[in-house]
Amino acid sequence: MKSSTTNYEIRLFDTKSRQLMPLTSSDGEILRIYGCGPTVYRDAHVGNMRTFLLSDIVIRLAKFIGYKVKFIQNITDVGHMSEDFIEDKILAQAKKESKDPYEIAKIYEARFHSDLKLLNINPANNYPKASECIDLMHDLISKLITKGHAYVGSDNCVYFSAQSFEGYGAISGNRLDSLKPGHKFEYTEEGAKRFHADWALWKVAENRTEMIWNSPWGKGFPGWHIECSAMSLHYLNNFVDLHLGGIDLRFPHHENERAQSNCAINNEAVSLWVHGEHLLFEGRKMAKSAGNVVLVSDLIDRNLDPLCLRLCFLENRYRSQMDLSWDSLKAAHQTIQRWRDKILIWQNSKEIDLTEVKKIVNEIITDLIDDLDTPRALQKLRKIEKSQELSDGTKFEVFKEVDVLFGLDLLNSFSSKAEIPSHLNELLSKRAKARSLGDFVESDRLRDLLAENNILVKDGKDGQSWDWLI
RNA sequence: GGUCGGAUGGCCGAGAGGCGAGGCUCGGGACUGCAAAUCCCGCUACACGGGUUCAAAUCCCGUUCCGACCUCCA
């Protein structure tokens, strides 16, 4: 009996076939998902987070409708070369910070995990590191050499022969003959490779002394693309039902990965290729060079609930480029706050129409299985919020159920309030006292003073409350 | 140059040929000592030029502008 069954069919846009394709478990047991993870040489910015959220939403949805899921996400801690093709990104950063390269990888990997947690992104089943999978890569490279898909070049590096794989270019639409040799090239000398579009699977150490390993082809380190083939095939038992990543990885990373994997198993190794579009910030692509990089920690510094980023992302479809701004983050922050406040009230109602709850949840799932139409699904939530017909209890039950899908953590409150300095706490007490005595001149003065310290004071039926100004 | 996406009100943005998505801002009102929050009301847009249709933001043709990718990238 199949343990992974569902009445729903998730359809996602497959980059290779350029159409919506059903997501299914090829073995009928479990959905095997692979997502390209971070290169841990710097903090992941919110643009990176958008891609990681894409995996999270698919997985939450798949689990919600009954699938078992195995999700593997790699950590690239070696082999990813800088733009000059001369130095490994990790080693370059290690030099910059005067630290051991493994220390660098460790620091930024830890930060990656804590950022995911702040955004309520559920962890993968496993996060294999490139540096710990060298043997897997050796096995795969040997196999590719034996099969005639890879060769040792005149510089003793091992290269994949692009021409040996017939379907090369299917994901990106590139054709080998139009990939003309250009100035941006592999860092090795011209002539070491047999063909300009070939890429390195194993690079010889030369002068490099750190992050190198023995191999049948001499001391060296792996190329970037081979790690994902090695890990996905190993950890997911030679087949991937869904492979996720950012749109920029479409070429060359995923194109090359597909060539490697398919040649290794003599079959199509990945069923669906899904790519998330890029995030722009205030009109421009988020990039170090543009100077518009925003980190999760920047949101917290502005007293924004990091989950407002999650809501912003969900209000746009993953296949569209989206433009983020502080205004949209602020609006999302307010929406989450408002929902949380209302949920606190709604949960006191015992009047629940379960049939209605089921119907609405079903509608939301129907939106999501349609290529993750999160904006439409969220619109339903806003309608429910405003509804005159639905009881509070029904509203509460719907929000509670779908919170598992959206991951906005609406049933808990965001509290960074513990961090308030004591002198401001004193001002708050003074202000409350002045107001209770009817000294409005003094209480208003203190309220203005608190506002200057980014604290917004509100008077409700149950007395004074406050929030950080955003 | 090649390939692929876009263009929607003050701003952000969804859009399935036919009852004006939604949000933010702003204006008016209720509530409040005053604010804040909340609630109610208001603000009628689809780049341009043709075409198809009873009916086009949506489909077709053309034009202009913008963005992304094309061997660093999520």
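From the list A:Y159, A:Y108, A:Y127, A:Y168, which one is within 29 Å of A:I212 (Cα to Cα), of a type in the set (S, T, Y), over 17 Å from the mean Cα position of the chain (by Cα) and surrounded by 15 or more Cβ atoms within 10 Å (Cβ to Cβ)?
Working: A:Y108 fails: over 17 Å from the mean Cα position of the chain (by Cα); A:Y127 fails: over 17 Å from the mean Cα position of the chain (by Cα); A:Y168 fails: within 29 Å of A:I212 (Cα to Cα).
Step by step, each of A:Y159, A:Y108, A:Y127, A:Y168 is checked, and only A:Y159 is within 29 Å of A:I212 (Cα to Cα), of a type in the set (S, T, Y), over 17 Å from the mean Cα position of the chain (by Cα) and surrounded by 15 or more Cβ atoms within 10 Å (Cβ to Cβ).
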Do we have any residue at all in segment A:9-21 that's more than 15 Å from RNA strand B (Cβ to nearest atom), in contact (Cβ under 8 Å) with a residue 60 or more places away in the chain, more than 30 Å from A:N292 (Cα to Cα) and not in a loop (DSSP other than H, G, I, E, B)?
yes
Could you give every pair whose Cβ atoms fall below 8 Å, whose first residue belongs to segment A:348-367 and is more than 10 Å from A:V398 (Cβ to Cβ), and whose second residue is acidic (D, E), counting only separations of at least 6 or pairs across chains?
A:N348/A:D392; A:S349/A:D392; A:E351/A:D392; A:L354/A:E397; A:D367/A:D373
When segment A:359-375 is checked residue by residue, the ones that are part of a helix (DSSP H, G or I) and open to solvent by less than 20 Å² (accessible area, probe 1.4 Å) are A:I360, A:V361, A:I364, A:I365, A:D367, A:L368, A:T374
Determine, yes or no, whether A:V441 is assigned to a strand (DSSP E or B) and not assigned by TED's automatic domain parsing to the domain that holds A:L381.
no
Suppose we keep only residues that are near RNA strand B (Cβ under 10 Å from one of its atoms) and open to solvent by 50 Å² or more (accessible area, probe 1.4 Å) within segment A:332-345. Which one would you say is nearest to the chain's Cα centre (by Cα)?
A:Q334
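State the number of residues belonging to segment A:22-75 that are hydrophobic (A, V, I, L, M, F, W, C) and in a strand (DSSP E or B). Before the answer, list the steps.
Residues of segment A:22-75 that are hydrophobic (A, V, I, L, M, F, W, C), as a first pass: A:23, A:30-31, A:33, A:36, A:40, A:44, A:46, A:49, A:52-54, A:57-59, A:61-62, A:64-65, A:69, A:71-72, A:75.
Now restrict to residues that are in a strand (DSSP E or B): A:23, A:31, A:33, A:69, A:71-72, A:75.
Residues meeting the conditions: 7.
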A:R319 vs (1) part of a helix (DSSP H, G or I); (2) touching a residue at least 24 places away in the same chain (Cβ under 8 Å): all pass except (1)
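Residue by residue, here is whether (1) surrounded by fewer than 24 Cβ atoms within 10 Å (Cβ to Cβ); (2) modelled with pLDDT of 90 or more; (3) among the hydroxyl-bearing types (S, T, Y) holds:
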site: A:N7; (1), (2), (3): yes, no, no
site: A:L12; (1), (2), (3): yes, no, no
site: A:Q19; (1), (2), (3): yes, no, no
site: A:E29; (1), (2), (3): yes, yes, no
site: A:I33; (1), (2), (3): no, yes, no
site: A:V40; (1), (2), (3): no, yes, no
site: A:T51; (1), (2), (3): no, yes, yes
site: A:S55; (1), (2), (3): no, yes, yes
Grab the strands (runs of 3 or more DSSP E) fully contained in segment A:213-313, keeping just those with 1 or more residues being modelled with pLDDT of 90 or more and open to solvent by less than 50 Å² (accessible area, probe 1.4 Å).
A:220-222, A:240-246, A:270-276
Report whether or not A:E356 is of a type outside the set (A, V, I, L, M), assigned to a helix (DSSP H, G or I) and modelled with pLDDT of 90 or more.
yes
What about A:R319, is it over 24 Å from A:N7 (Cβ atoms), within 14 Å of RNA strand B (Cβ to nearest atom) and open to solvent by 20 Å² or more (accessible area, probe 1.4 Å)?
yes
Tally the residues that are near RNA strand B (Cβ under 8 Å from one of its atoms) and surrounded by 15 or more Cβ atoms within 10 Å (Cβ to Cβ), restricting the search to segment A:418-463.
4
Consider only pairs whose beta carbons are under 6 Å apart and that are at least six residues apart or on different chains; among these, list those whose first residue lies in segment A:376-398 and is outside any helix (DSSP H, G or I) and whose second residue is open to solvent by 60 Å² or more (accessible area, probe 1.4 Å).
A:S391/A:E351
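Looking only at segment A:76-93, filter to residues that are part of a strand (DSSP E or B) and at pLDDT 80 or above; which one of those is nearest to RNA strand B (Cβ to nearest atom)?
Taking segment A:76-93 first, the residues part of a strand (DSSP E or B) are A:76, A:81, A:88.
Cutting the leftovers down to at pLDDT 80 or above gives us A:76, A:88.
Values: A:T76: 8, A:D88: 11 Å.
Filtering first and then ranking leaves A:T76.
The values are calculated or read from the model by the stated rules, or taken from the named source; none is laboratory data. Just so we're clear, the structure is a prediction, and the values are computed from it rather than from any experiment. Neighbour counts are summed over all protein chains in view; Cβ atoms, including those assigned to glycine, are modelled from backbone coordinates with ideal geometry. Just so you know, the surface numbers come from the protein's heavy atoms only, side chains and all, with ligands and any DNA or RNA stripped out. Shrake-Rupley method; radii C 1.70, N 1.55, O 1.52, S 1.80 Å.
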